[in-house]
Amino acid sequence: MTGLPHGLLDREACAALDAADRLAPLRGRFLLDDGLIYLDGNSLGALPAATPPRLATVVTEEWGRGLIRSWTAAGWIDAPRRLGDRVAPLVGARPGEVLVADSTSVNLFKLLGAAVQARPGRRVILSHQGNFPADLYVAQGLCELLEGRCELRTVPPAALEAAVDEQVAVLMVTHVDYATGAVADMAGLCAAARRHGALGLWDLSHSTAALPVDLGGCGADLAVGCGYKYLNGGPGAPAFLYVAERLQGTLRSPLRGWMGHAEPFAFEPGHRQAPGVEGFLCGTPPILGMAALEAALDLWAEVDLEAVRAKSMLLGDLLVRLVDERCSGLGLELASPREAARRGSQVALRHADGYRVVRALVDRGVIGDFRAPDIVRLGLAPLYLRHVDVWDAVEALREVLATGAHERPEYAVRAAVT
Ligand SMILES: *Cc1c(COP(=O)(O)O)cnc(C)c1O
């Protein structure tokens, strides 16, 4: 089902969709240049207007005046759990199951290590080809550290379910593919893991705050996710981890720090893991980053995620249809699922010269990104994106491709960040 009007789609029709959009006022809660079309909120979310004053208060008042007293007086010490409880409803978790800490990669290492240790006698970490490389690297590093005690096995995404067997300690899946935006079948894969006694670990980096996620309802065991993408927590924002309550008494974090100790200020020589999800804390939380993420979570607390998903699917359908109608014969191929329900909040287009196309778009104020080898990735963050932005972005894309504007030699030189 699509909510797009039948018949001719023009810029006026897109403006009419904006006029009917109940989420439209939320754009005013972000600091965004009006001339910019930002299609990269899946990589670095935009800046909420509430964030700079919040950061200023934390720096000048809590740090500047409160100094070390702020660890208790300003609630700094509780921030990982407090923010975790605010992320929890976005991913279908209960209070006490989510912790905001560290980076996604570090959290993945902690949970993967704990999962392998909890399944002695099973040697396989099962994942999918095309998974985000960092996730595969973390698994490779863990296997190397464990000197052959475990191995990483990857299969095509469609073969995952059939590949779960009694050798698998943990099934590690990224819920929404970072490149194509394809959504994995969380319920089905969780059931397969359960049937075979494996643990299921989900990377929610491209799903959190982009679509409703139901970790609890699917029976997911473990998860990690990112704070700086759709959550809008700021560059390098702290990430989160989820440990289902039923597993909290048994899993042990391989990264033992004092913050994960049952009594950090007892200064005992041996580690006693804190009960509950706090046992997965390692070191001191980065309070400035936490403050920026908390300001963003205030905004998410007001937002209905079902409405966000509905708008995201409409924006995606609009983009796909406009590319079909207006850019045919220009060398683009859809890399995302065509069906909105199977697609996250992005549309990926293959083009042989994808990198140069992205660079030419950036010079026209349309910011997307490039994922090797050939993907032009256009993220659709429904809190601040308008339907006319999608129209204008496709017009810019059409103009670039039709005139060959992307063929300028300077676009061929790759920047450090693509
Ligand atoms: C963005 C992303 C990460 C990011 O990990 P960092 O530790 O923040 O660099 C991890 N996994 C996936 C699937 C991602 O999309």
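Name, by its number, the condition in (1) buried (at least 24 other Cβ atoms within 10 Å of the Cβ); (2) within 11 Å of the ligand (Cβ to nearest atom) that does not hold for residue 99.
(2)
Can you tell me which residue is nearest to the ligand (Cβ to nearest atom) among those in the range 194-221 that are surrounded by 24 or more Cβ atoms within 10 Å (Cβ to Cβ) and of a type in the set (Gly, Ala, Ser)?
Per the stated criteria, the residue is 205.
What is the number of the single condition among (1) modelled with pLDDT of 95 or more; (2) out of contact with any helix residue (DSSP H, G or I) (no Cβ under 6 Å at 6 or more places or on another chain); (3) of a type in the set (A, V, I, L, M, F, W, C) that residue 370 does not meet?
Exception for residue 370: condition (2).
Please enumerate the residues belonging to the range 110-142 that are away from the ligand (no atom under 16 Å from the Cβ) and either at positive phi or of a type in the set (Ser, Thr, Tyr) (or both).
121
If I filter the range 169-177 for residues that are more than 16 Å from the ligand (Cβ to nearest atom), closer than 17 Å to residue 98 by Cα, out of contact with any Gly (no Cβ under 6 Å at 6 or more places or on another chain) and modelled with pLDDT of 95 or more, do I get at least one hit?
Checked against the condition, which is being more than 16 Å from the ligand (Cβ to nearest atom), closer than 17 Å to residue 98 by Cα, out of contact with any Gly (no Cβ under 6 Å at 6 or more places or on another chain) and modelled with pLDDT of 95 or more, the range 169-177 yields no hits at all.
Test of understanding: among 247, 288, which residue is within 27 Å of residue 67 (Cα to Cα) and more than 20 Å from the chain's Cα centre (by Cα)?
Being within 27 Å of residue 67 (Cα to Cα) and more than 20 Å from the chain's Cα centre (by Cα) holds for just one of 247, 288, which is 288.
Considering only the range 65-83, I want to know if a residue exists there that is within 16 Å of the ligand (Cβ to nearest atom), of a type in the set (A, V, I, L, M, F, W, C), in contact (Cβ under 8 Å) with a residue 12 or more places away in the chain and not in a helix (DSSP H, G or I).
Looking through the range 65-83, none of the residues is within 16 Å of the ligand (Cβ to nearest atom), of a type in the set (A, V, I, L, M, F, W, C), in contact (Cβ under 8 Å) with a residue 12 or more places away in the chain and not in a helix (DSSP H, G or I).
Take the range 229-240 and flag every residue that is out of contact with any helix residue (DSSP H, G or I) (no Cβ under 6 Å at 6 or more places or on another chain) and buried (at least 24 other Cβ atoms within 10 Å of the Cβ).
Selection gives 229, 230.
(1) surrounded by fewer than 16 Cβ atoms within 10 Å (Cβ to Cβ); (2) without any contact (Cβ under 8 Å) to a residue 60 or more places away in the chain: which one isn't true of residue 35, the others all being true?
(2)
Has the range 49-59 got at least one residue that is of a type in the set (S, T, N, Q), touching a Lys or Arg at 6+ places or on another chain (Cβ under 8 Å) and either surrounded by 12 or more Cβ atoms within 10 Å (Cβ to Cβ) or on the phi > 0 side of the Ramachandran plot (or both)?
no
Residue 180 - would you say it is away from the ligand (no atom under 11 Å from the Cβ) and among the hydroxyl-bearing types (Ser, Thr, Tyr)?
Criteria met by residue 180.
If residue 13 satisfies every condition in (1) touching a Gly at 6+ places or on another chain (Cβ under 9 Å); (2) under 27 Å from residue 226 (Cα atoms) but one, which is the exception?
Looking at each condition in turn, residue 13 falls short on (2).
Report, by residue number, each residue of the range 1-32 that is in contact with a strand residue (DSSP E or B) (Cβ under 9 Å, 6 or more places away or on another chain), of a type in the set (A, V, I, L, M) and in contact (Cβ under 8 Å) with a residue 40 or more places away in the chain.
32
With the structure loaded, tell me whether residue 87 is within 26 Å of residue 261 (Cα to Cα), modelled with pLDDT of 95 or more and within 16 Å of the ligand (Cβ to nearest atom) or whether it fails that test.
Yes, satisfied.
Go through the range 249-267 and report how many residues are part of a loop (DSSP other than H, G, I, E, B) and exposed (fewer than 12 other Cβ atoms within 10 Å of the Cβ).
Residues flagged as part of a loop (DSSP other than H, G, I, E, B) and exposed (fewer than 12 other Cβ atoms within 10 Å of the Cβ) within the range 249-267 amount to 4.
Taking the stated definitions as given, is residue 224 within 20 Å of residue 111 (Cα to Cα), away from the ligand (no atom under 15 Å from the Cβ), of a type outside the set (Asp, Glu) and in a strand (DSSP E or B)?
Against the criterion (within 20 Å of residue 111 (Cα to Cα), away from the ligand (no atom under 15 Å from the Cβ), of a type outside the set (Asp, Glu) and in a strand (DSSP E or B)), residue 224 does not qualify.
Looking at (1) among the hydroxyl-bearing types (Ser, Thr, Tyr); (2) under 25 Å from residue 232 (Cβ atoms); (3) surrounded by fewer than 24 Cβ atoms within 10 Å (Cβ to Cβ), can you tell me which one residue 328 breaks?
Result: residue 328 fails condition (2) only.
Among the residues of the range 312-335, which ones are of a type in the set (Gly, Ala, Ser) and within 22 Å of the chain's Cα centre (by Cα)?
312, 316, 335
A quick yes/no check of all residues on (1) free of Cβ contacts under 8 Å to residues at least 24 places away in the same chain; (2) of a type in the set (A, V, I, L, M, F, W, C):
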{"residue": "313", "(1), (2)": "no, yes"}
{"residue": "334", "(1), (2)": "yes, yes"}
{"residue": "347", "(1), (2)": "no, yes"}
{"residue": "351", "(1), (2)": "no, no"}
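The values are calculated or read from the model by the stated rules, or taken from the named source; none is laboratory data. Predicted, not measured: the structure shown is a model, and the values here were computed from it. Note that we place each Cβ from the backbone using ideal geometry, even for glycine, and neighbour counts take in every protein chain shown.
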